[in-house]
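Some notes on the structure that comes next.
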Amino acid sequence: MSSALTCLFCALRRAFSLGTRLCRALLFCGLGLGAALVAKAESVVVFNEVHYHPTEGDVAGEFIELINQNATDINLSGWRIDGGVQFQFPPKTILAGGQTLVIASQPAQVAAKAGLAHVFGPWTGNLSNGGERLELLAQNDRRMDVVAYSDAPPWPVGADGSGFTLVKRAAN
């Protein structure tokens, strides 16, 4: 292996072993890979499903589902959802690796309809039927994920009042 390649390999290995986001970001930007990383979520816990416009007469109402895309449990204590709705997770809220959790405007009704043991909520506010931006914020106000949805093309019309939900197609 050439000395330049060895040097680059050592720098990459040191950057990842340091575990600092800044060091990795600087290194990747120097390699021209920064733009690809900036667009990704900051967290492994992300928005997975949004039911923003239930059918008329649906007593369960609106809900949001989060997913932990990692195998490691994540402590969501103090994290919050901001946008059209506001909700803060209570202390000792742990989302197990690979699992989902649901937050709803009417948690008891959603739990009964979906057969879930626990649904978080209620939140304040409501999801706009026309679309909006939702943010998942950590306890230190760091933005962990963002979703902006709409009822206009190219968004699927099935989620706009016909009982279907918006569901994420890919991990990021």
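Bear in mind that the values in this text are calculations on the coordinates, not laboratory data. Just so we're clear, the structure is a prediction, and the values are computed from it rather than from any experiment. Virtual Cβ from ideal backbone geometry, glycine too; neighbours counted across all protein chains shown.
Summing Cβ point charges (Lys, Arg +1; Asp, Glu -1) relative to the Cα centre of segment 55-172 gives a dipole of roughly 340 debye. Residues of segment 99-122 with an amide N closer than 15 Å to a point placed 7 Å from the Cα of THR55 along the Cα-to-Cβ direction: 113-114.
Annotation: amide H of GLY161 within the under-5 Å range of HIS53, sequence separation 5 or more or interchain, hydrogens built in the peptide plane.
Within the shell defined by Cβ-Cβ distances under 15 Å, the residues around PRO107 carry a net charge of -2, with Lys and Arg each +1 and Asp and Glu each -1. For GLY161, what is the net charge nearby, where nearby means another residue's Cβ is under 11 Å from its Cβ and Lys, Arg count +1, Asp, Glu -1? For residues surrounding GLY161, the net value is -4. Descending by average beta-carbon neighbour count within 10 Å, the peptides 45-53, 153-161, 130-138 line up as 45-53, 130-138, 153-161, the highest first. Seen from ILE67, the other residues with C-beta closer than 14 Å to its C-beta sum to a net charge of -2, counting Lys and Arg as +1 and Asp and Glu as -1. Remark: the Cα gyration tensor places segment 130-172 in the prolate category, a/c being 1.5 or greater and a/b exceeding b/c.
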